[in-house]
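J.: Questions regarding the structure given below will be posed in turn.
Values in this text are rule-based calculations from the coordinates and carry no lab data. None of the values given here were measured: they were computed from a predicted structure. Cβ sites come from the backbone with ideal geometry, for glycine too, and all protein chains shown count toward neighbours.
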Amino acid sequence: MTVSASSALAIAVYLLVADGLAALFLGGLLGGAGLALAAAAVAASWWQAPLRRRIAPQPWLGTAIVVLAAGGVALEVVTVAASMLDAFTHLLLFLLLVKLYTRRTSRDARDLAFLAFFMLVAVAPATTSVVFLALFVVFLVVGTWLLMLRHLVAEGEGAPPSLEARRPFGLGRDLFALSLAASAATIAITTVLFLVIPRVGQAALPLRPHVSRMVSGFSERVELGAFGEIEADSTVVMRVHLEEWRGGQGRPEALPALRWRGIAFDAFDGRAWTVSRSTLRLTLRRELPVAFPVHRYYGGPVLTQEIFLEPIGSEMIFGAARLLRLHGRSDVVTLDDLGNVAVPVPSARLNYTVDSEPEVGDPRGLDIADARLPADPRWLARYTQLPPVAPRIVALAQEITAGAADHYDAALRLSAWLGRELKYTRVLEGSGAADPLEDFLFVRRAGNCEYFAAALAVMLRTQGIPARVVNGFQRGEWNPYGHYFMVRLRDAHSWVEVFVDGAGWVSLDPSPRGLPEPTAVAARAMLWLDALRLSWYRYVVSWSLHDQLAAADTVRRAVWTRSALPRVALDWRSLLRAAMIVAVLGSAAVALGRRRGGAVGGVADVPRFYARALRALARRGLTPAAGETARELAGRAEATPVAVAFARLTAAYERVRFGGIALTADEAAAVEAGLAELERSGR
């Protein structure tokens, strides 16, 4: 189907507007109801010309609507706007609708394209979704097409009726193909600039991050049962890419006790675990981009993980225990003697790398001098501190651990008993019991991971065994396409660390939580899309100066290696291969030149009849000036006797040149007659 250039321009305008609205919805700047309302208003503007005619006798009505809408936007900016970005978005929508309902000329189409572009600009800092790339490409292609159509329509605006552009060339295949080629070239140039222009800052945290819930377990206080709600949430909050496994056996993703440690608690008041006031905190600052040391290395295998964290409202750094080093973008890190690591800069928490020394094998076989039980009684009192505990909890712990060979054996017995005798459940109904742990162990006999962890830690402490509760995430779901773990909000988890003399703090998980279900075939496409999303974030959104330097160093090494190779003399096969390449390129250039033949005055793709008309006009002393259009040349020829004949030829030229439509037999005959008249008058 072909339509006129003006209709094609209107279609391009509305496609750009739809692209901008989709971007606002993607970035959360426009909700579902707002999107529906804006889309309805935009769709109604297609018939804006009849609407303008209806309200033309009452000009005050349009003015009143604009004034009221502008006042509402201004009031929102001053009072109820959640952020300046929201206010800016609504202002853009207001200006867009005003322009759509008052659109008359091609200049208005250009202004609407700019407004749609600013919509994408507003969304850029508010989303990290790979869908934004698709919306940007659509804008680039349609925007280029719109600019070309606007140029064609602008030539026809204000022209005399004989030259009025009413030809069906707006949706021509050649014109759209040209816009695609121009868009591809623009993307290629933009990609090169993106790679080489130095970064002046870090990847920023989205201005309006979508955080459906705060993960309460990752603050400095967590009450029993806090995970009951979020354990049903499938939102992906973290992606863990396993980069290197040094000194380990087998595949790192198959490690049986792989979890992502977030924060440890040492104080318990009977209902909540907290970080005690006696905790020693240390703030580290750095001048050079070096890793922050976190824990002393004990000599085991080291696992390197790159973490991609969503903005979940916590300053904690996650990683496999025991965390040795932190490689990040923040120059300030806070450590404490519980092994907790916090980064106060929000943008620096979105992407970082940690080195960990996972717990492998039986810790009782270790004899590490730096992991001995401290002789300080205050240390032991800190990790065995308890509020008043029900006597039957103490008795139960003594019964289970009777005959244990050592503290770790006692901890294993308690952990195994809890996982065997009690049930895991996410349904936590308030019982009103004064002691929630006693109610969990002897009455309900079911609970979530926090109850299991708290019960194990308390029972260990009743036996004088140092223990603490840890919150973090389970391993998550393995994505084979991106080679990383997808950790969801429902993977939030609690477990226990017990101190083993000679091995340090060792993890124990008494909770009988089920393993993740196998990935269904229908869900594999979602895994692939998530891997694509992570690649977009890693190599585009989070592309930093460090990445640029690393890429430049890789290129430098490759060039140096190539230049260092011994030079080999070219043999006849190499020369023949080079000659064939040159011949193919030359043939392509000749074919392209022939296809573009017929150029007159440096203008390619000029139809033969128009070239004859230009030669005939040149004999009268009229030649096209540099940059002059055919329409402008016809205007200069109006003072000559051949004005009418040349105007008809110009109209036919525009139809063939820009519309890609062949002349009919009658039109060809009329063109020949016009050429004959033009050539006779020029003699």
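J.: What is the calculated FRET efficiency for Leu532 to Arg680, with r their C-beta to C-beta distance and R₀ = 60 Å, to the nearest 0.05?
T.: 0.35
J.: Next question. Which far-off residues, 5 or more places away or on another chain, put their amide H under 5 Å from the one on Trp505, with H placed in the peptide plane?
T.: Val500
J.: Hey, rough spin-label estimate for Ala134 and Leu147, points 7 angstrom out along Cα→Cβ, what's it come to in nanometres?
T.: 2.5
J.: Could you please report the charge total around Leu441, scoring K, R as +1 and D, E as -1 over all other residues with beta-carbon less than 11 angstrom from its beta-carbon?
T.: Cβ neighbours under 11 Å give a net charge of -1.
J.: Still on this structure: Need one number: nm distance between label points at Ile368 and Ala69, each 7 Å from Cα along Cα→Cβ, rounded to one decimal.
T.: 6.6
J.: If you count, for each residue, the other Cβ atoms within 10 Å and average over each peptide, how do 324-332, 403-411 line up from highest to lowest? Don't skip to the answer; put the middle values down first.
T.: Details: 324-332: 18.3, 403-411: 16.6.
The densest-packed peptide leads the list: 324-332, 403-411.
J.: Something else now. Roughly what % of DSSP beta bridges within the range 216-537 run antiparallel, to the nearest 5?
T.: Roughly 95 percent of the beta bridges in the range 216-537 run antiparallel, per DSSP.
J.: Give me the number: length gained by fully extending Ala39 to Ala254, i.e. 0.36 nm times residue separation minus the C-alpha to C-alpha distance, one decimal in nm.
T.: Working: separation 215, 0.36 × 215 = 77.40 nm, distance 4.92 nm.
Contour length minus the Cα-Cα distance gives 72.5 nm.
J.: Then there is this: Rounded to whole Å and sorted largest first, what semi-axes of the equivalent ellipsoid does the C-alpha gyration tensor of the range 216-537 yield via the square root of 5 times each eigenvalue?
T.: Gyration-tensor ellipsoid for the range 216-537: 31, 24, 19 Å.
J.: Let me make sure I get this right: for the range 266-376, a, b and c are the square roots of the gyration tensor eigenvalues over alpha carbons, sorted descending. Under 1.5 in a/c it's rounded, otherwise prolate if a/b > b/c, else oblate. Which is it? Intermediate results must be reported in sequence, preceding the final value.
T.: On the way: a/c = 1.66, a/b = 1.20, b/c = 1.39.
Verdict is oblate for the range 266-376.
J.: With charges set only on the Cβ (+1 for Lys and Arg, -1 for Asp and Glu), what does the dipole of the range 279-389 come to about its Cα centre, in debye to the nearest 20? Don't jump to the answer; show the numbers that get you there.
T.: Working: 12 positive and 14 negative charges, 54 e Å.
With Lys and Arg at +1 and Asp and Glu at -1, about 260 debye.
J.: Please state the shape class of the range 88-148: rounded when a/c is under 1.5, otherwise prolate if a/b exceeds b/c and oblate if not, all from the C-alpha gyration tensor. Write out the running numbers ahead of the final one.
T.: Details: a/c = 3.45, a/b = 1.35, b/c = 2.55.
Oblate.
J.: Could you order peptides 644-655, 282-293, 383-394, 22-33 by the average number of other Cβ atoms within 10 Å of their residues, highest first?
T.: Values: 644-655: 22.0, 282-293: 11.3, 383-394: 14.7, 22-33: 18.8.
Per-residue mean Cβ counts within 10 Å order the peptides as 644-655, 22-33, 383-394, 282-293.
J.: Taking the Cβ of each residue in Phe114, Phe485 as the centre, tally the other Cβ atoms inside 10 Å and list the residues starting with the fewest.
T.: Listed from fewest to most nearby Cβ atoms, that is Phe114, Phe485.
J.: Quick one: length gained pulling Arg619 to Glu632 fully straight, 0.36 nm per residue minus the C-alpha distance? All intermediate terms of the calculation are to be shown ahead of the outcome.
T.: On the way: separation 13, 0.36 × 13 = 4.68 nm, distance 1.84 nm.
This chain segment gains 2.8 nm when fully extended.
J.: Glu244's amide H: which non-local residues (gap 5+, or another chain) put their own amide H closer than 5 Å, with H modeled 1.01 Å from N in plane and none for Pro or chain starts?
T.: Amide H neighbours of Glu244, under 5 Å, 5+ apart: Thr304.
J.: Pulled fully out, how much extra length does the chain show between Val345 and Trp46, if you take 0.36 nm times their separation in residues and subtract their Cα-Cα distance? Numbers along the way, then the final one.
T.: Numbers: separation 299, 0.36 × 299 = 107.64 nm, distance 4.72 nm.
The span from Val345 to Trp46 would gain 102.9 nm if fully extended.
J.: In terms of modelled amide H atoms, which long-range or inter-chain residues lie less than 5 Å from the amide H of Met238?
T.: Amide H neighbours of Met238: Glu310, Val487.
J.: Now for a different question. Show me, for the range 259-268, the HN-Hα J-couplings you get by feeding each phi into the Karplus relation (A = 6.51, B = -1.76, C = 1.60, θ = phi - 60°), rounded to Hz, glycine and proline as x.
T.: For the range 259-268, the Karplus-derived couplings read 9, 10, 6, x, 8, 10, 10, 10, 10, 9 Hz, x marking Gly and Pro.
J.: If neighbour count is taken as other Cβ atoms inside 10 Å, put Ile368, Ile400 in order from fewest to most.
T.: The most exposed by this proxy come first: Ile368, Ile400.
J.: Within a 10 angstrom radius of the beta carbon, how do Asp439, Asp86 rank from fewest other beta carbons to most?
T.: Placing the least packed residue first, the sequence is Asp439, Asp86.
J.: A further question on this structure: Classify the range 608-681 as rounded, prolate or oblate from the Cα gyration tensor: take a ≥ b ≥ c as the square roots of its eigenvalues, call it rounded if a/c is under 1.5, otherwise prolate when a/b beats b/c and oblate if not.
T.: Note, shape of the range 608-681 comes out oblate.
J.: In whole Hz, with x marking every Gly and Pro, tabulate ³J(HN,Hα) for the range 415-425 from phi via Karplus 6.51 cos²θ - 1.76 cosθ + 1.60, θ = phi - 60°.
T.: 5, 5, 5, 4, x, 8, 8, 10, 10, 8, 8
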